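Below is one structure, written out as structure tokens, with a few remarks after it.
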Amino acid sequence: MARILVVDDDKDIIEVVKYVALKDGHLVLEAANGREGLERATTQQPDVIILDIMMPEMDGYTLNNRLLSDPATQNIPVIILTAKGRMREAFLPATNVRAYMDKPFEPTALQEQIQTVLAEKTRR
């Protein structure tokens, strides 16, 4: 069982991610904005972060930069969920980003990405 932190301001997206993660027996942590996401990532050390880009208080790009700058969170793998496909280039140098998924997404595709990221993390 992995701890998955979902950082998204869209409650419907959070519910879909929860459904997908719970099917595989994972624990889901939630954050409705970037500041809350940073706090939860730091204090709860999730195994994977699923991160939206466009959010209030702190966007996903800024949050990811903060994660990378902190030794306690820099190695947590991130899956980007975004309606802004053109933002991918902004994350290219980010070593912690393992996948990008455009919204809307297929729940089974997200489930596969989570499984892949967790398997990769286990091999490291």
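The values are calculated or read from the model by the stated rules, or taken from the named source; none is laboratory data. Note that the structure is a prediction, hence the values are computed from the model and not measured. Heads up, the Cβs are rebuilt from the backbone with ideal geometry, glycines too, and the neighbour counts pull from every protein chain shown. What goes into the accessible areas is simple: the full protein's heavy atoms, side chains included, and nothing from ligands, DNA or RNA. Shrake-Rupley method; radii C 1.70, N 1.55, O 1.52, S 1.80 Å.
Label GLU106 and GLN45 with points 7 Å out from Cα along Cα→Cβ: what is the distance between them in nm?
Taking the two extended label points, one gets 3.6 nm.
Using bins 5 angstrom wide from zero, how does P(r) for segment 26-89 break down, in % of all Cα pairs?
Reading the bins upward from 0: 4, 18, 33, 27, 14, 4, 0.
For ASN75 and TYR19, compute 0.36 nm times the residue count separating them, minus their Cα-Cα distance, and round to one decimal in nm.
Working: separation 56, 0.36 × 56 = 20.16 nm, distance 2.52 nm.
Here the answer is 17.6 nm.
So between THR95 and LEU27, what do we pick up on full extension, going 0.36 nm a residue minus the alpha carbon distance?
Numbers: separation 68, 0.36 × 68 = 24.48 nm, distance 2.44 nm.
The span from THR95 to LEU27 would gain 22.0 nm if fully extended.
Can you pull the percent of the chain's accessible area that's carbon plus sulfur, 1.4 Å probe, other chains left in place? Don't skip to the answer; put the middle values down first.
Details: 3300 of 6540 Å².
Ligands and nucleic acids excluded, carbon and sulfur give 50 percent.
Say R0 is 25 Å: what FRET efficiency, to the nearest 0.05, do ALA83 and ARG124 get from their beta-carbon distance? Provide the component values of the computation, followed by the final result.
Working: r = 30 Å, r/R0 = 1.22.
FRET efficiency, ALA83 to ARG124: 0.25.
For segment 42-84, with every protein chain kept in place, what is the accessible area per residue (1.4 Å probe, Å²)?
Details: 1770 Å² over 43 residues.
For segment 42-84, the solvent-accessible area averages 41 Å² per residue.
Among the aspartates and glutamates, which fall within straight-line cross-link reach of LYS18, defined as a Cα-Cα distance under 15 Å, with same-chain neighbours fewer than 8 residues apart omitted?
Hits, sequence-local ones excluded: ASP8, ASP9, ASP10, GLU30, ASP47, ASP52, GLU106, GLU112.
Given Cβ point charges of +1 (Lys, Arg) and -1 (Asp, Glu) and nothing else, what value in debye, to the nearest 20, does the dipole of the chain about its Cα centre take? Each step should come with its number before you reach the end.
On the way: 15 positive and 19 negative charges, 85 e Å.
Using Cβ point charges on Lys, Arg, Asp and Glu, the chain gives about 400 debye.
From the mean inverse distance of alpha carbon pairs (Kirkwood) and the Cα radius of gyration, derive Rg over Rh for the chain.
Details: Rg = 12.8 Å, Rh = 14.0 Å.
Value, to two decimals: 0.91.
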